[in-house]
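Below is one structure, written out as structure tokens, with a few remarks after it.
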Amino acid sequence: DAGITQSPRYKITETGRQVTLMCHQTWSHSYMFWYRQDLGHGLRLIYYSAAADITDKGEVPDGYVVSRSKTENFPLTLESATRSQTSVYFCASSTQGDQPQHFGDGTRLSIL
Amino acid sequence: AQSVTQLGSHVSVSEGALVLLRCNYSSSVPPYLFWYVQYPNQGLQLLLKYTTGATLVKGINGFEAEFKKSETSFHLTKPSAHMSDAAEYFCAVRRGNQGGKLIFGQGTELSVKP
């Protein structure tokens, strides 16, 4: 089915481990985004991408790495997870800058 | 710089009552404004958007919002609340002219009492 899919939906890991969150969209949208959602902070932008091989930092990029070798995929990697990265992570995509973003269902990440 | 303020982290209304969720923004460029709704364990879903043109915008599920430039506001309303409207609502403004990045408010949780 068309849409935006995030995997896994739930993940528990330990501090210091590397973890990758996957995001896949079937619309061929140019723009893709990663947000984290925390109580009291709303959604904060981690990284975004305007096209394949073009990525840029958002508000809270420290501790995260992204890549975009294909238009449809935008994985987010925590290279050495910390407890402060426990959060719900959302991926989104859009066609252009003035068009709405479409969101995945999120990944709930717990770091022990 | 752009910013969004949602007044009230929690709003409670009775079923059938008016829903009013407040959003004020600041923007150094003509704003593009959005309201999203989030149901438990789901992603955000677009309710409505304002880019240009008519300042009263109608969205899904009977919601509407009015862009008031003089008040820098984009409040969300619905004449009659339904139990299914219980959710978290986010107002967002496009970040300048920068490629679709959005700045979100902190969200307002709407409760609907029977």
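Condition (residue is farther than 24 Å from A:LEU39 by Cα and within 14 Å of chain A (Cβ to nearest Cβ)) applied to segment B:67-87: is it met by at least one residue?
no
For the subset of segment B:78-103 comprising residues that are without any contact (Cβ under 8 Å) to a residue 60 or more places away in the chain and loosely packed, with under 15 Cβ neighbours inside 10 Å, which member is nearest to B:LEU21 (Cα to Cα)? Full working, then the answer.
Narrowing segment B:78-103 to residues without any contact (Cβ under 8 Å) to a residue 60 or more places away in the chain: B:84, B:86-88, B:98-101.
Checking which are loosely packed, with under 15 Cβ neighbours inside 10 Å leaves us with B:84, B:98.
On the way: B:SER84: 16, B:GLN98: 27 Å.
Going through the qualifying residues, I end up with B:SER84.
Going by the structure shown, is A:VAL66 under 23 Å from B:ILE103 (Cα atoms), away from chain B (no Cβ under 14 Å), of a type outside the set (Ser, Thr, Tyr) and touching a Leu at 6+ places or on another chain (Cβ under 8 Å)? Give the derivation first.
Values: under 23 Å from B:ILE103 (Cα atoms): yes; away from chain B (no Cβ under 14 Å): yes; of a type outside the set (Ser, Thr, Tyr): yes; touching a Leu at 6+ places or on another chain (Cβ under 8 Å): yes.
So A:VAL66 passes the test.
List, please: which pairs have Cβ atoms under 8 Å, are six or more places apart or on different chains, and start with a residue in segment A:23-48 that is more than 9 Å from every other protein chain (Cβ to nearest Cβ) and within 16 Å of A:THR107 (Cα to Cα) and end with one that is among the acidic types (Asp, Glu) and surrounded by fewer than 21 Cβ atoms within 10 Å (Cβ to Cβ)?
A:HIS24/A:GLU72; A:GLN25/A:GLU72; A:ILE46/A:GLU59; A:TYR47/A:ASP56
When only residues in segment B:11-41 that are away from chain A (no Cβ under 14 Å) and in a loop (DSSP other than H, G, I, E, B) count, which is nearest to the chain's Cα centre (by Cα)?
Only one residue tops the list, namely B:LEU18.
Within segment A:24-68, how many residues turn out to be in a strand (DSSP E or B) and touching a strand residue (DSSP E or B) at 6+ places or on another chain (Cβ under 9 Å)? Explain how you work it out, then say what you get.
Filtering segment A:24-68 for residues in a strand (DSSP E or B) gives A:24-25, A:31-38, A:42-51, A:54-57, A:64-66.
Now restrict to residues that are touching a strand residue (DSSP E or B) at 6+ places or on another chain (Cβ under 9 Å): A:24-25, A:31-38, A:42-51, A:55-57, A:64-66.
Selection size over segment A:24-68: 26.
Tell me, yes or no, whether segment A:13-23 has at least one residue that is surrounded by 15 or more Cβ atoms within 10 Å (Cβ to Cβ), among the basic types (Lys, Arg) and assigned to a loop (DSSP other than H, G, I, E, B).
no
Testing B:GLN106 on (1) in a strand (DSSP E or B); (2) surrounded by fewer than 20 Cβ atoms within 10 Å (Cβ to Cβ); (3) within 14 Å of chain A (Cβ to nearest Cβ); (4) in contact (Cβ under 8 Å) with a residue 40 or more places away in the chain, one condition comes back false. Which one is that?
(1)
Any chance segment B:56-65 includes a residue that's under 15 Å from B:LEU102 (Cβ atoms), surrounded by 12 or more Cβ atoms within 10 Å (Cβ to Cβ) and of a type in the set (S, T, N, Q)?
Quick first cut of segment B:56-65, residues under 15 Å from B:LEU102 (Cβ atoms) only: none.
Checked against the condition, which is being under 15 Å from B:LEU102 (Cβ atoms), surrounded by 12 or more Cβ atoms within 10 Å (Cβ to Cβ) and of a type in the set (S, T, N, Q), segment B:56-65 yields no hits at all.
Considering only residues that are more than 11 Å from the chain's Cα centre (by Cα) and part of a strand (DSSP E or B), look in segment A:69-112 and name the one that is farthest from the other protein chains (Cβ to nearest Cβ).
A:ILE111
Values in this text are rule-based calculations from the coordinates and carry no lab data. A quick note: this is a predicted structure, and the numbers were derived from the prediction, not measured. Every residue, glycine among them, receives a Cβ derived from its backbone with ideal geometry; neighbour counts consider all protein chains shown.
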